[in-house]
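Remarks on the structure that follows.
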Amino acid sequence: DDAWLQYRWAFFRDALASSLSRQTVRNFTWLVFCDETAPDWLREEFAELSPGLFTPVWIDQPWSHTVIRDAVSAALTQDQYLITTRIDSDDAVSKKFIEEVQSHFDDQDNLYINLLRGVQVERSGQVFAYDEPANPFISYIERLVPNQPPRTVFQSFSHGACRQLGPVLNVVTAPRWMQVIHGSNVANSVRGLRIKPQIVSAEFDLELPFTTT
């Protein structure tokens, strides 16, 4: 309903979109998958926010690997390689997230890049360090094959299953991703150790509407 959509839209706008708009590199394409039945007010919000930042992909069928591959294929240039990354609409990434992922590209095929270290920010503003193997922010490098659709990072919808599909390079850096723990996010709970909030201001640039403590 509209109340739920407005709640989630605020996280998308203030956390995810603001963090991706402030990346240290700009050579990436961001596809945002949206339900075709979205109300007019949400379409207007997307139309205002998307130019120069992301491409909305309106879908009128169930979420599937085929839907994703078709959208990615349509956005491809003639490059020989592809890196795709998954991210949820209510999370965020650090300023150097995409730069970090791209720095590990070396003409590989079938390799997952997992930036191991992240943070969780609870609605109260508390910050927790959290390391997660094969986390929801994982990326996938593949070599494109002529006349074949890309596999993409969504060749399995379970990010934890990536080990069964290819090698995983776990990269330890400063925190590169953020999970926002909030009332309607039933999939996540605080799992890390509480840390000083300065790491957020040092590594992230976003507009969350509450102060970290």
Which is aliphatic (A, V, I, L, M) and under 18 Å from LEU20 (Cα atoms), of ILE59, ILE138? ILE138
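Residue-wise test of (1) under 28 Å from VAL172 (Cα atoms); (2) acidic (Asp, Glu).
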site	(1), (2)
VAL25	yes, no
ASP35	no, yes
PRO51	no, no
ARG69	no, no
LEU82	yes, no
THR85	yes, no
SER94	yes, no
GLN102	yes, no
Restricted to segment 111-129 and to residues being assigned to a strand (DSSP E or B) and open to solvent by 10 Å² or more (accessible area, probe 1.4 Å), the residue modelled with the lowest pLDDT is GLU122
When the residues of segment 130-154 are narrowed to those that are in contact with a Lys or Arg (Cβ under 9 Å, 6 or more places away or on another chain) and open to solvent by 40 Å² or more (accessible area, probe 1.4 Å), which ends up modelled with the lowest pLDDT? PRO133
Among the residues of segment 90-106, the number that are at pLDDT below 95 and open to solvent by 50 Å² or more (accessible area, probe 1.4 Å) is 0
When you check TRP63 against the structure, is it modelled with pLDDT of 95 or more and open to solvent by 60 Å² or more (accessible area, probe 1.4 Å), yes or no? no
Take the residues in segment 12-36 that are assigned to a loop (DSSP other than H, G, I, E, B) and open to solvent by less than 30 Å² (accessible area, probe 1.4 Å); name whichever of them is nearest to LEU82 (Cα to Cα). TRP30
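The values are calculated or read from the model by the stated rules, or taken from the named source; none is laboratory data. Remember, predicted model here, so these are calculated numbers, not experimental data. Note that each Cβ is placed from the backbone with ideal geometry, even for glycine, and that neighbours are counted across all protein chains shown. Ligands, DNA and RNA are excluded from the accessible area calculation, which covers all protein heavy atoms including side chains. Shrake-Rupley method; radii C 1.70, N 1.55, O 1.52, S 1.80 Å.
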